[in-house]
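The values are calculated or read from the model by the stated rules, or taken from the named source; none is laboratory data. Small disclaimer: the values here were computed from a predicted structure and weren't measured. Ideal geometry is used to build each Cβ from the backbone, glycine not excepted, and the neighbour counts take in all protein chains shown.
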Amino acid sequence: MLESWCRCKGWECTRIPEDNGRTPDYKITINDRRIYAEVKEIVDNEEERRVIKQLAERGWADGYGEEPGKTVREKIKEGYGQIKRFASRYGCSGILVLYNNSELGGLGRLDHYHVLTGMFGLQTVPVTVPHNPGIEPIFGPDYLGPKKSVSDNRNRYLSGIMTLYEHYERGLVAFFYHNPHAIHPLLPAHIIADNCIQYRRSTSQINWELIDIAQQAGAPDALSGAGDQ
């Protein structure tokens, strides 16, 4: 799927031969700028297979869902060594490319909120319970905390995460989520392309912020709802 995306955008995408070390899957070249990419496929897990079976048998399914960001965290852990080895050696950006190949379709475990919490940690609300039972609990401001995968001292050779999605009208769409802690950041201008929708972490709320690039004006309305979470 990554090869198809790059071919449509005129980006050079070269498969990297495996060696005795940890090797990323592809080298992408855009206007002489080199990016190393590790690709991970998301397939049906046990819970999704159960839901698919229920839908086929009775037309509806029990509720389902995993801990926010769990799959994204796992894929970062699986792919970071390959990315770091080449990004650190050659002093260039490294990205993780994810695509959902589950029969449930849609963004699934790769939606905006899963990527947000997979990268920056679980959304947490501190609660203080007074000793006096007559006083209601006090809720503090929420924040992204436990189980973060990126920070100023963690996984900094990861420049960002790209998720690929086959939209029913727009065709193949890429969402790119920038890592603000990256040693070799991938600037938004470096990957401008039709149907490439870029986000940065918001500094004012627990959310992504759409990067305002002219080429993103045609982004599918149904897919630009990072602010819905």
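Quick one: how many residues across region 149-186 are part of a loop (DSSP other than H, G, I, E, B), in contact with a His (Cβ under 9 Å, 6 or more places away or on another chain) and not aromatic (Phe, Trp, Tyr)?
So the answer is 9.
Just to verify a result, which residue in region 29-62, among those that are among the hydrophobic types (A, V, I, L, M, F, W, C), touching a helix residue (DSSP H, G or I) at 6+ places or on another chain (Cβ under 7 Å) and touching a residue at least 24 places away in the same chain (Cβ under 8 Å), is nearest to His114 (Cα to Cα)?
Filtering first and then ranking leaves Ile42.
Do we find a residue being hydroxyl-bearing (Ser, Thr, Tyr), modelled with pLDDT of 95 or more and in a loop (DSSP other than H, G, I, E, B) anywhere in region 188-202?
Within region 188-202, the first condition is being hydroxyl-bearing (Ser, Thr, Tyr), and the residues that meet it are 199, 202.
So of that shortlist, the ones also modelled with pLDDT of 95 or more come out as 199, 202.
So of that shortlist, the ones also in a loop (DSSP other than H, G, I, E, B) come out as 202.
Checked against the condition, which is being hydroxyl-bearing (Ser, Thr, Tyr), modelled with pLDDT of 95 or more and in a loop (DSSP other than H, G, I, E, B), region 188-202 yields at least one hit.
Of the residues that sit in region 91-110 and are in a helix (DSSP H, G or I) and farther than 14 Å from Val39 by Cα, which one is modelled with the lowest pLDDT?
Step one: list which residues in region 91-110 are in a helix (DSSP H, G or I), which gives 108-110.
After this cut, where a residue has to be farther than 14 Å from Val39 by Cα as well, the list is 108-109.
Details: Gly108: 86, Arg109: 90.
Across region 91-110, the extreme among qualifying residues is Gly108.
On the basis of being under 15 Å from the mean Cα position of the chain (by Cα) and either within 30 Å of Val51 (Cα to Cα) or of a type in the set (D, E, K, R) (or both), does Val115 make the cut?
yes
Pull up region 203-212, narrow it to residues that are part of a loop (DSSP other than H, G, I, E, B) and either of a type in the set (Gly, Ala, Ser) or more than 23 Å from Ala37 (Cα to Cα) (or both), then point me to the one that is modelled with the lowest pLDDT.
This residue is Asp212.
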